[in-house]
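Single-structure report; data block below.
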Amino acid sequence: MRISFRNKLQLQPANNGHKFEIINPFIIYIGNKDLHIDLTIPAGFWTDFASIPKMFQNILSPLDSHLRAAVLHDYLYYKQVIDNKPIARAYADKCFLDAMKTCGTGKIKREMMYYAVRSFGWITWNKYKNDRIKNKEKK
């Protein structure tokens with residue numbers, strides 16, 4: 001899969017102090033044999049970059065070369081769609097892996113982070129999925 005970043009990622013600390021907010025739309029090209037799209041992450045979207053447990057942050061900083069890839073991954077987990085079509089969690093994780101390569105994240109770090117989201121990402125994926133279901137039921 002080919003991933004490229006069309007513009008600069010611009011962020012500011014969010015009001016809650018734990019996340020960052022995108023201040024201008026962030027456009028990312030995602031392409032493979034079945035899809036060629038410029039995905040726009042809108043201004044106002046919140047990210048925590050990579051959710052790395054504190055005990056591992058001396059090895060894997062949440063603020064490093066993978067920043068743009070982490071924003072893409074957060075957005076894909078939150079929305080769970082691309083081009084109005086549902087995506088699988090594995091697809092979002094593969095986008096993260098390929099985007100980290102585009103960002104220049106080293107192979108060992110890239111693979112550690114990829115296998116971490118493959119192992120534990122289901123928790124956040126299911127939370128967002130369940131939140132979406134609950135919000136539909138309220139309407």
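The values are calculated or read from the model by the stated rules, or taken from the named source; none is laboratory data. Model, not experiment: these values are computed from the prediction. Positions of Cβ are backbone-derived with ideal geometry, glycine not excepted, and every protein chain shown enters the neighbour counts. Ligands, DNA and RNA are stripped out before the accessible areas are found, and what is left, the full protein with its side chains, is counted by its heavy atoms. Shrake-Rupley method; radii C 1.70, N 1.55, O 1.52, S 1.80 Å.
With the simple model of a label 7 Å out from the Cα in the direction of the Cβ, Asp83 to Lys8 spans 3.0 nm.
Considering only Ser4, Asn32, Leu67, the residue lying farthest towards the positive end of the dipole of the chain is Asn32, judged by Cα position with unit charges set on Cβ. Among the listed pairs Lys94/Lys136; Lys8/Lys94; Lys79/Lys101; Lys33/Lys127, those whose Cα-Cα separation exceeds 26 Å are Lys94/Lys136; Lys33/Lys127.
Starting from the Cα gyration tensor of the chain, take the square roots of the eigenvalues, sort them a ≥ b ≥ c, and report rounded, prolate or oblate (rounded when a/c is under 1.5, otherwise prolate if a/b is larger than b/c, else oblate). The shape class here is rounded.
Note on Lys33 and Ser65: the model spin-label points, each 7 Å out from Cα along the C-beta direction, lie 2.9 nm apart.
Over the chain, dividing the summed -39,500 (n - 2.57) contributions of all DSSP H runs of at least 4 residues by the number of residues returns a 222 nm mean residue ellipticity of -14000 deg cm²/dmol. In this structure, the amide hydrogen of Lys19, modeled 1.01 Å from its nitrogen in the peptide plane, lies closer than 5 angstrom to those of Ala14, counting only residues at least 5 positions away or on a different chain.
What is the percent carbon and sulfur in the accessible area of region 1-47, measuring with a 1.4 Å probe over the protein chains and ignoring ligands? That fraction is 50 percent. With the simple model of a label 7 Å out from the Cα in the direction of the Cβ, Glu111 to Lys134 spans 3.9 nm.
In summary, the aspartates and glutamates within cross-link reach of Lys85, defined as a Cα separation below 13 angstrom excluding same-chain residues under 8 places away, comprise Asp34.
Suppose the chain between Arg118 and Thr40 were pulled fully straight at 0.36 nm per residue; how much longer would it get relative to their current alpha carbon spacing? Full extension from Arg118 to Thr40 adds 25.7 nm. Residues in region 61-139 average 60 Å² of solvent-accessible surface per residue, probe 1.4 Å, ligands and nucleic acids excluded.
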